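Undergrad: Have a look at this one before I ask anything.
Every number in this text was worked out from the coordinates using simple rules, so none of it is lab data. Source: prediction; values computed, not measured. As a convention, Cβ positions derive from the backbone with ideal geometry for all residues, glycine included, and neighbour counts pool all protein chains shown.
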């Protein structure tokens with residue numbers, strides 16, 4: 001407790017216009033032998049905004065809510081990797097990454113954390129290391145395996161970054177059983193879809209019809225991935241902050257080729 | 001009878017976005033899909049007047065019928 005007060009006193013001393021720089025926070029952490037994460041918690045608890053969140057334009061209270069939240073990302077490729085980056089920049093405090101795969105060269109066109117040196121590396125490792133570079137106070141949990149309840153049970157929101165319909169249905173059922181909202185996203189070519197799968201609706205069930213034919217991995221353009229992932233993170237942020245209007249009555253269908261964006265309401269309204 | 005057909009994503013390619021169609025009474029949603037040369041295996045969602053429907057749904061005069069392809073990538 002004495003340390004907390006001393007840390008707070010240092011934060012107040014170093015803060016400029018209500019903001020504390022990362023460099024100052026690192027020095028304070030070192031001088032009190034505590035983690036940067038602890039310094040950030042004390043800072044946000046006392047309305048001192050880490051400078052790197054200043055341009056988010058959110059209140060200190062909202063940044064604290066994000067800091068205290070956990071988002072689970074299932075699938076760390078195109079959608080999942082981009083979502084992870086945006087959530088780290090936004091200031092979400094804890095991200096659980098689940099993906100059994102390794103990067104391959106064919107991921108380079110659209111997967112944010114895939115660079116020319118990453119093929120062969122585990123996706124969760126590359127993404128977690130990249131996130132740490134972006135936001136050093138972020139806590140990441142890695143599961144290099146198929147998702148299970150361990151991947152989602154501590155999350156406030158789950159993000160669907162999967163690329164197969166059976167897996168997506170399985171995740172939707174798991175999230176429903178844990179009463180955790182799942183922010184669904186899917187992409188193909190120039191087209192994408194975003195929506196929120198709550199226990200009360202059956203978004204995944206109704207939009208992910210299982211066809212008998214086995215199809216090869218779909219073609220996906222990088223801008224479609226970025227757009228859909230951004231929309232998924234916007235919905236995630238709103239759910240965490242309990243602000244705005246969630247996309248929960250149906251889904252958003254995006255056609256980048258014709259620049260058409262349609263909200264498809266499922267209830268006949 | 002006259003219905004409106006709306007197509008989404010790549011189903012629009014070489015076809016249309018929205019079109020009115022004259023159909024014989026008793027036509028089903030699946031028959032419209034077939035008449036557009038759309039492979040039923042590629043259909044992800046069928047909606048009639050904003051409600052989910054199936055290939056066997058019999059369409060009525062004035063219905064708005066929407067066909068979405070499977071989109072599953074991540």
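Undergrad: Which residues in region A:53-91 place their backbone N less than 16 Å from a point set 7 Å from the Cα of residue A:234 along the Cα-to-Cβ direction?
TA: Zone members listed by number: A:83, A:86-87, A:90.
Undergrad: Which angle from 0 to 90°, rounded to the nearest 10, does the C-alpha axis of helix A:22-31 make with the longest principal axis of chain A?
TA: That helix lies at roughly 60 degrees to the long axis.
Undergrad: Computed over the Cα atoms of region A:50-186, what is the ratio Rg over Rh, Rh following Kirkwood?
TA: 0.97
Undergrad: Using Cβ counts within 10 Å as a stand-in for footprinting exposure, how do A:237, A:83, B:48, A:34 rank, fewest first?
TA: A:34, B:48, A:237, A:83
Undergrad: So what's the angle, to the nearest 10 degrees on a 0 to 90 scale, between helix A:78-90 and the longest Cα principal axis of chain A?
TA: 20 degrees
Undergrad: Semi-axes of the equivalent ellipsoid of chain A: what are they in whole Å, largest first, if each equals the square root of 5 times a C-alpha gyration tensor eigenvalue?
TA: Rounded to whole Å, the semi-axes are 35, 21, 17.
Undergrad: Here is a follow-up. Please give, to one decimal in nm, the separation of the simple spin-label points placed at residue A:245 and residue A:134, each 7 Å out from Cα toward the Cβ.
TA: 2.9 nm
Undergrad: To continue, here is another question. Say each of residue A:23 and residue A:169 gets a label point 7 Å from the Cα, pointing the same way as Cα to Cβ; how far apart are those two points in nm?
TA: 5.6 nm
Undergrad: Which of A:20, A:180, A:73 has the fewest other C-beta atoms within 10 Å, and how do the rest follow up to the most?
TA: With the fewest neighbours first, A:20, A:180, A:73 line up as A:180, A:20, A:73.
Undergrad: Of the candidates A:199, A:69, A:106, which one comes out as most mobile in a Gaussian network treatment of chain A with C-alpha springs shorter than 10 Å?
TA: Highest fluctuation of the listed residues: A:106.
Undergrad: With n ≥ 4 as the cut-off for DSSP H runs, can you work out [θ] at 222 nm for chain A, using -39500 (n - 2.57) per run divided by the number of residues, rounded to the nearest 500?
TA: Taking each H run of at least 4 residues, the total per residue is -12000 deg cm²/dmol.
Undergrad: Specify the residue with the greatest mean-square fluctuation among A:217, A:136, A:119, computed from a Gaussian network of chain A linking alpha-carbon atoms under 10 Å apart.
TA: A:217
Undergrad: Just the number, please: percent antiparallel of the DSSP beta bridges in region A:92-184, rounded to the nearest 5.
TA: Around 10 percent antiparallel, to the nearest 5.
Undergrad: Enter the mean number of other protein chain beta carbons within 10 Å of the beta carbon of each residue in A:187-193, as an integer.
TA: Mean partner shielding for this stretch: 6.
Undergrad: May I pose another question? How far apart, in nanometres, would the label points at residue A:262 and residue A:101 be if each is projected 7 angstrom from Cα along the Cα-to-Cβ direction?
TA: Between residue A:262 and residue A:101, the simple spin-label model gives 2.8 nm.
Undergrad: Sticking with this structure for a sec: Cut-off is 10 Å between beta-carbons; in what order do B:68, A:32, B:16 appear when sorted fewest neighbours first?
TA: Result, fewest neighbours first: B:16, A:32, B:68.
Undergrad: Another one. Please work out the FRET efficiency for the pair residue B:35 and residue A:219, using the Cβ-Cβ distance as r and a Förster radius of 22 Å; give the result to the nearest 0.05.
TA: The pair residue B:35/residue A:219 has a calculated efficiency of 0.25.
Undergrad: Which log10 I(q)/I(0) values does chain B give at q = 0.22 Å⁻¹ under the Debye formula, counting every alpha carbon as one identical point scatterer?
TA: -0.95
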